[in-house]
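Notes to accompany the following structure.
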Amino acid sequence: MIYFDKVSKVYFDKSLALDDVSFTIEPGEFVSVVGHSGAGKSTLLKMIIAEEKPTEGKVFFESVDVHSLSHRRIPDLRRRVGSVFQDFRLLPNKTTFENIAFTMEAAGRSDEEVQSDVPHVLELVGLDDKMWHFPFELSGGERQRVAIARALVNQPDLLIADEPTGNLDPVTTHEIMEIFKKINDIGTTVILTTHNKGVIDKLGKRVLTLERGRLVRDDKEGRYVI
Ligand code: ADP
């Protein structure tokens, strides 16, 4: 599903964010990308949705070279990938329902679909009782659940999450990780970044370790080593 072929990224200020990185991710996998701050984790995720371009090498999403896509076709790619971020990125003046409905409307989904799918996806993340709350009325963990529901509602093939538990306490982190596992169990490929050792060691899934832009480990049932 995802193939990085000798990808390097040098930013304008000459910082080397990725250094000759190659790996493949198959459909249905759950992959964590770990490493210290500045190791290149976010850059790696941004490559997948064409937010950053490799300086060298290629990134493929299902045999399509992501960076050969024309500007007109990039939205199609991004619709197939749901994104979740550390800081949730909800619209503050919209309720839970409206935040998710907004994403569906942007993708051209009908009113009927909005009415049926929003409650369904909120049930999946265990938040159907907070449908009419605004973000400021929700806890951090609840806000992240809304963000995950929003990322899932257009049925992406892949979910990417950049430090999704970075702002959450350990108990909430555990709950959010259980949701990611559930999403993966129903067939969505998941790639997340974290520098939380506890999260990784409990998961028992594949771990890619980055160190100053280099892929230094790729472990099947990995632990956080560095
Ligand atoms: P991580 O997510 O592991 O913290 P990043 O991918 O954010 O790592 O960053 C990798 C390296 O690239 C760091 O040295 C960082 O300072 C640099 N970097 C990231 N984004 C930019 C940017 N937009 N411009 C210049 N340098 C950047």
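Only the coordinates and a few stated rules stand behind these numbers; no lab work does. Just so it is clear, the model here is predicted, and its values are computed rather than measured. Heads up, the Cβs are rebuilt from the backbone with ideal geometry, glycines too, and the neighbour counts pull from every protein chain shown.
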Worksheet item: Taking segment 87-111 on its own, how many of its residues are at positive phi and surrounded by fewer than 19 Cβ atoms within 10 Å (Cβ to Cβ)?
Response: 2
Worksheet item: Quick one: how many residues across segment 84-101 are under 16 Å from V190 (Cα atoms) and either touching a Leu at 6+ places or on another chain (Cβ under 8 Å) or part of a loop (DSSP other than H, G, I, E, B) (or both)?
Response: 2
Worksheet item: Quick check: anything in segment 164-174 more than 24 Å from T95 (Cα to Cα), hydroxyl-bearing (S, T, Y) and under 15 Å from the mean Cα position of the chain (by Cα)?
Response: no
Discussion item. Here are the criteria: (1) part of a loop (DSSP other than H, G, I, E, B); (2) touching a strand residue (DSSP E or B) at 6+ places or on another chain (Cβ under 6 Å). Tell me which single one R109 does not satisfy.
Written reply: (2)
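Taking the options T55, T24, name whichever one is surrounded by fewer than 17 Cβ atoms within 10 Å (Cβ to Cβ), among the polar types (S, T, N, Q) and more than 16 Å from the ligand (Cβ to nearest atom). Let's see the steps before the verdict.
Values: T55 fails: more than 16 Å from the ligand (Cβ to nearest atom).
Of T55, T24, the one residue that is surrounded by fewer than 17 Cβ atoms within 10 Å (Cβ to Cβ), among the polar types (S, T, N, Q) and more than 16 Å from the ligand (Cβ to nearest atom) is T24.
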Discussion item. Step by step: first the residues of segment 154-163, then only those that are buried (at least 21 other Cβ atoms within 10 Å of the Cβ) and within 16 Å of D185 (Cα to Cα), then the one that is nearest to the ligand (Cβ to nearest atom). Which residue is that?
Written reply: I160
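What number of residues within segment 64-83 satisfy the criterion of being under 16 Å from T189 (Cα atoms) and either in contact with a Phe, Trp or Tyr (Cβ under 7 Å, 6 or more places away or on another chain) or not basic (K, R) (or both)?
Initial filter on segment 64-83 (under 16 Å from T189 (Cα atoms)): 77-83.
Filter once more, so that each one left must be either in contact with a Phe, Trp or Tyr (Cβ under 7 Å, 6 or more places away or on another chain) or not basic (K, R) (or both): 77, 81-83.
Here the count works out to 4.
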